[in-house]
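Student: To start, I am sharing the structure in question, which I have written as structure tokens.
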Amino acid sequence: GDSVTQMEGPVTLSEEAFLTINCTYTATGYPSLFWYVQYPGEGLQLLLKATKADDKGSNKGFEATYRKETTSFHLEKGSVQVSDSAVYFCALSDRRTNAGKSTFGDGTTLTVKP
Amino acid sequence: NAGVTQTPKFRVLKTGQSMTLLCAQDMNHEYMYWYRQDPGMGLRLIHYSVGEGTTAKGEVPDGYNVSRLKKQNFLLGLESAAPSQTSVYFCASSYYQADQPQHFGDGTRLSIL
């Protein structure tokens, strides 16, 4: 079945540092890929998405590129802020094989220190 | 814009009690989901629905029941609560297309004593 593997956390960075959170996936179909962010006490919310190979999703300074050849969708940000501290989830969705479900990674906790 | 609304936000139960968690969405989404989130366990799918009147089991369905009598509502029931069901429960909804994201509520924090 489909699966998503994320870089284990927690990740601690200083403000203005470069961020990479690795995500690799296994899928039999042609999935859409997502990054979600969860702030303390809240539900997950969409950060960015990409729906086909070589697409780049971007939002709020975060970027991720859909790499079919390496089955990866790594999240990057050039300069993190304290307000980026949250849990980040990588996910995939392929309705043709998952019968309406999405597959989520285990989440990576990011803490940014001033 | 309400989005996905979960009721209640917090609840404390005693072992053996029953309760129902309500999820309501106002986006006309076809699909709805119930997850639980435990420390170090990520999100685990309990049950889901691909349309009004339909339900299906997810990864961890035991001890839970669901109903989707109306398109906008998805109810999660605990018939006889157990301490192992202490968790944060999230409801989500989405359109049926694979490129559409899930929209999450803010969660229900449930403690079973």
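Student: Take A:20, B:54 and order them by how many other Cβ atoms sit within 10 Å, fewest up front. Walk me through the numbers on the way to the answer.
Tutor: Values: A:20 10, B:54 13.
The fewest-first ordering by Cβ neighbours comes to A:20, B:54.
Student: Which ³J(HN,Hα) values, rounded to whole Hz and listed in residue order, are derived for the range A:19-24 from phi using the Karplus coefficients 6.51, -1.76 and 1.60 in 6.51 cos²θ - 1.76 cosθ + 1.60 with θ = phi - 60°, glycine and proline given as x?
Tutor: Each residue's phi maps through the Karplus curve to give 10, 9, 10, 7, 9, 10 Hz.
Student: Also, I was wondering about something else. Loop only per DSSP, at most 15 neighbouring Cβ atoms within 10 Å: give me the trypsin sites (Lys or Arg not before Pro) in the range A:26-65, ordered by residue number.
Tutor: A:52, A:60
Student: A follow-up question, please. Do any chymotrypsin sites (Phe, Trp or Tyr not before Pro) in the range B:39-113 lie in a loop, going by DSSP, with at most 13 other beta-carbon atoms within 10 Å of their beta carbon, and if so which? Provide the component values of the computation, followed by the final result.
Tutor: Details: sites: B:48, B:64, B:74, B:89, B:90, B:95, B:96, B:104; in loops: B:95, B:96.
Answer in residue order: B:96.
Student: Counting other C-beta atoms within 10 Å, and keeping those with at most 13, which DSSP coil chymotrypsin sites (Phe, Trp or Tyr not before Pro) do you find in the range A:18-114?
Tutor: Counting only loop positions with at most 13 other Cβ atoms within 10 Å, the chymotrypsin sites (Phe, Trp or Tyr not before Pro) in the range A:18-114 are A:18.
Student: Taking Rh as the Kirkwood radius, which is the inverse of the mean 1/r over Cα pairs, what is the Rg/Rh value for chain B?
Tutor: Value, to two decimals: 0.95.
Student: A follow-up question, please. Using helices alone, I'd like the mean residue ellipticity at 222 nm for the protein assembly as shown: each DSSP H run of four-plus residues gives -39500 (n - 2.57), total over residue count, nearest 500.
Tutor: 0 deg cm²/dmol
Student: When the convex hull of the Cα atoms of the protein assembly as shown is projected onto a plane and the area is averaged over all directions, what value comes out in nm²?
Tutor: Quarter of the Cα hull surface area: 12.2 nm².
Student: Here is a follow-up. Along the charge dipole of the protein assembly as shown, Cβ charges K/R +1 and D/E -1, which of B:89, B:21, A:88 sits furthest on the positive end?
Tutor: Projecting each Cα onto the dipole axis, the largest value belongs to B:21.
Student: May I ask you to derive the relative contact order of the range A:68-114, considering only C-alpha pairs under 8 Å and at least 6 residues apart, and to give it as an integer percent?
Tutor: Over the range A:68-114, the number comes to 41 percent.
Student: Averaging sequence separations of C-alpha pairs under 8 Å and six or more residues apart, then dividing by the length of chain A, give the relative contact order as a whole percent. Write down the numbers at each step before the final one.
Tutor: Details: 296 pairs, mean separation 40.8, N = 114.
That works out to 36 percent.
Student: Given Cβ point charges of +1 (Lys, Arg) and -1 (Asp, Glu) and nothing else, what value in debye, to the nearest 20, does the dipole of chain B about its Cα centre take?
Tutor: 320 debye
Student: In terms of modelled amide H atoms, which long-range or inter-chain residues lie less than 5 Å from the amide H of residue A:86?
Tutor: Residues meeting the amide H criterion: A:110.
Student: Also, quick follow-up: Please report the spacing between the Cα centers of the range B:95-109 and the range B:23-54 in Å, no decimals.
Tutor: What the calculation gives is 7 Å, centre to centre.
Student: Given an 8 Å cut-off on Cα distances and at least 6 residues of separation, report the relative contact order of chain B as a percent.
Tutor: 35 percent
Student: Now, a different point. Excluding residue A:52 itself, what net charge comes from residues whose Cβ is under 10 Å from its Cβ, given Lys and Arg +1 and Asp and Glu -1?
Tutor: -2
Student: Rank these for me by crowding, A:69, A:76, A:8, going from fewest to most other beta carbons within 10 Å.
Tutor: Details: A:69 7, A:76 15, A:8 11.
In increasing order of surrounding Cβ atoms, one gets A:69, A:8, A:76.
Student: List every residue whose amide H lies under 5 Å from the amide H of residue B:58, counting only residues 5 or more places away in sequence or on a different chain, with H placed 1.01 Å from N in the peptide plane.
Tutor: Distant-sequence amide H within range of residue B:58: B:47, B:48.
Student: Given Cβ point charges of +1 (Lys, Arg) and -1 (Asp, Glu) and nothing else, what value in debye, to the nearest 20, does the dipole of the protein assembly as shown about its Cα centre take?
Tutor: Rounded to the nearest 20 debye, it is 520 debye.
Student: If you plug each phi of the range B:100-111 into the Karplus form 6.51 cos²θ - 1.76 cosθ + 1.60 with θ = phi - 60°, what whole-Hz ³J(HN,Hα) values come out, in order, with x for Gly and Pro?
Tutor: Result, ordered by residue: 9, x, 8, 10, 9, x, 8, x, 10, 8, 10, 10 Hz.
Rule-based calculations on the coordinates, nothing more; no lab input. These numbers come from a predicted model, not from an experiment. All Cβ positions, glycine included, derive from the backbone under ideal geometry; neighbour counts span all protein chains shown.
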